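Only one structure is covered here, and it is reproduced in the block below.
The values are calculated or read from the model by the stated rules, or taken from the named source; none is laboratory data. Small disclaimer: the values here were computed from a predicted structure and weren't measured. All Cβ positions, glycine included, derive from the backbone under ideal geometry; neighbour counts span all protein chains shown.
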Amino acid sequence: MITNISECFNGVLKGARGLPIAAMVEFTWSKLIEYFYDRHKEITNKLLEGKKWSTYAFSTWEGNRRKSEKYYLKAFSNQHMIYQVVTSLNMCSAGGGNHSYEVRLQERTCSCGKWQNIGIPCSHAIRVCDAVNIDSITYIHPCYSLDYALNTYSHAFVVPKSQSLWRDPMGPKWLPNPVLLRAKSRLVKSRISNEMDGVRNKDREPGWQREDVDLIES
């Protein structure tokens with residue numbers, strides 16, 4: 001099963017395909033160091049600029065904040081900080097608007113489920129925070145903070161020693177079996193043939209035309 005993680009690795013290590021094993025390991029090692037160095041430098045520069053949250057988290061929060069300006073609010077419990085948020089009527093949208101949601105600010109939940117799923121306050125929660133004079137950006141999950149991201153890429157890699165300083169390995173030495181070496185020739189296809197591997201029989205009957213393609217088994 002192909003996942004986004006596997007596709008990401010395929011994109012990063014695209015230049016390593018077809019390399020010998022030792023060269024492939026060295027290429028992967030160099031890519032990893034380069035990736036950590038660039039990310040750490042980028043995040044450090046953002047922190048020096050006074051930024052606190054990742055670009056994804058801040059842009060998502062900003063979009064939700066703009067949507068929350070047109071919502072209606074009704075308080076249900078001051079003690080438990082439970083509120084009802086009703087979206088404005090919008091006949092141009094697919095849902096038509098005028099939907100009701102329950103926001104529990106103390107529990108950090110909303111009946112829409114978006115706040116719990118991604119850890120960023122939804123537009124309904126932001127509307128409640130604005131009503132009670134609370135900065136909603138503080139409710140973003142810490143995993144989106146640049147401090148957390150900086151800790152992720154703060155690992156210091158050790159510079160490898162020169163190969164001339166390597167110790168001789170202890171134990172048996174493994175060598176490739178010369179009998180298993182592939183001879184210089186054209187590769188033999190090992191795929192099982194099916195009906196898609198048919199060939200066009202142009203000489204089957206006179207007057208053959210491209211529209212009258214006839215496939216026979218090869």
- Filter the range 130-181 down to residues that are surrounded by fewer than 10 Cβ atoms within 10 Å (Cβ to Cβ) and closer than 30 Å to residue 67 by Cα and give me whichever is nearest to the chain's Cα centre (by Cα). 142
- Message: Tell me whether the range 35-53 contains one or more residues that are more than 22 Å from residue 138 (Cα to Cα) and basic (Lys, Arg).
- Response: yes
- Identify all residues within the range 77-88 that are surrounded by fewer than 16 Cβ atoms within 10 Å (Cβ to Cβ) and either charged (D, E, K, R) or closer than 17 Å to residue 133 by Cα (or both); write none if there are none. 77, 78, 79, 80
- Hey, does the range 57-75 have a residue that's loosely packed, with under 14 Cβ neighbours inside 10 Å, of a type in the set (Val, Ile, Thr) and out of contact with any strand residue (DSSP E or B) (no Cβ under 7 Å at 6 or more places or on another chain)? no
- Got a number for residues in the range 182-197 being more than 41 Å from the chain's Cα centre (by Cα) and either of a type in the set (Lys, Arg) or modelled with pLDDT under 75 (or both)? 1
- Query: Which residues, counting only those in the range 15-41, are under 14 Å from residue 152 (Cβ atoms) and surrounded by 12 or more Cβ atoms within 10 Å (Cβ to Cβ)?
  - Reply: 32, 35, 36, 37, 39, 40
- Task: For residues that are modelled with pLDDT of 85 or more and part of a loop (DSSP other than H, G, I, E, B), tally how many sit in the range 72-106.
- Result: 3
- Which listed residue is part of a helix (DSSP H, G or I) and touching a Leu at 6+ places or on another chain (Cβ under 7 Å), from 46, 51: 46
- Kindly establish whether residue 130 is modelled with pLDDT of 85 or more, more than 23 Å from residue 109 (Cα to Cα), of a type in the set (D, E, K, R) and not in a loop (DSSP other than H, G, I, E, B). no
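Given the structure, is residue 56 assigned to a helix (DSSP H, G or I) and more than 19 Å from the chain's Cα centre (by Cα)?
Criteria not met by residue 56.
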